[in-house]
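For reference, the structure discussed in these notes is given below.
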Amino acid sequence: WVLDPVAIGALPVRTALAADLLALRPTVIRGNASEIIALAGAGGGGRGVDSSHGVDAAEDAAAQLARTAGSVVAVSGPVDHVTDGTRSARIANGDALLTRVTGGGCALGAVMAAFAAVDEDRFATTVAAATAYTVAAESAARAAAGPGSFAVGFLDALAALTPEDLAKRAEVS
């Protein structure tokens, strides 16, 4: 299962709930940099659902959180970071229009859960999910006139994505 600790650190009730859920050892934890830092106990949260930290600032907290929780941790941002506490990957695909559509991070968590269901290597499935999601966002952004058409086009692009698209366009290091 995927834990998405939305707005923790900024909202005390969510922070307490996220700590309780963390004790249940999620398969994947997905959040923005501020949420991951707050969940790891390494600082406060962001501005509601918005991050006040960059992805690089959350790398150490993400690795520690992954080791402590036994989870894969995905930090969303302009360049996503995924770690299982030992391995790490950076995904440089995506588009800023993702940040202008409500529920984009939540949908990414759902995609990560679906990918996790098909293979036991949760690190690999989380990297693959983030890559597929962000490559689809790039496709949708090319044809979008704004966030409304992007949202619809993104769903179409995600459904139309092929392994060949990923092989050609993935920017994973």
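For this structure, a couple of remarks:
- Taking Cα atoms only, the orientation of helix 147-160 departs from the longest principal axis of the chain by about 80 degrees.
- Calculated mean residue ellipticity, 222 nm, the chain: -15500 deg cm²/dmol, from DSSP H runs (n ≥ 4) at -39500 (n - 2.57) each, averaged per residue and rounded to 500.
- With N counted as the residues of the range 1-151, its alpha-carbon radius of gyration over 2.2 N^0.38 Å works out to 0.97.
- Per residue, the convex hull spanned by the alpha carbons of the range 83-173 comes to 95 Å³.
- Annotation: for a label point projected 7 angstrom from Cα along Cα→Cβ of residue 165, residues of the range 69-105 with backbone N closer than 15 Å are 93-95.
- With DNA, RNA and ligands ignored, accessible area of residue 80 (1.4 Å probe; Å², nearest 10): 10 Å²
- Pair residue 156, residue 99: separation of 7 Å Cα→Cβ label points (nm): 2.6 nm
- Two-site FRET efficiency, residue 173 against residue 67, from Cβ-Cβ distance with R₀ of 25 Å, rounded to 0.05: 0.70
- For residue 138, solvent-accessible area (1.4 Å; no DNA, RNA or ligand), Å²: 40 Å²
- Take every DSSP beta bridge whose two residues both sit in the chain; close to 55 percent of them are antiparallel.
The values are calculated or read from the model by the stated rules, or taken from the named source; none is laboratory data. This structure is a prediction, so every number in the text was calculated from the model and none was measured. Neighbour counts are summed over all protein chains in view; Cβ atoms, including those assigned to glycine, are modelled from backbone coordinates with ideal geometry. The area values use the complete protein model at the heavy-atom level, side chains included, leaving out ligands, DNA and RNA. Shrake-Rupley method; radii C 1.70, N 1.55, O 1.52, S 1.80 Å.
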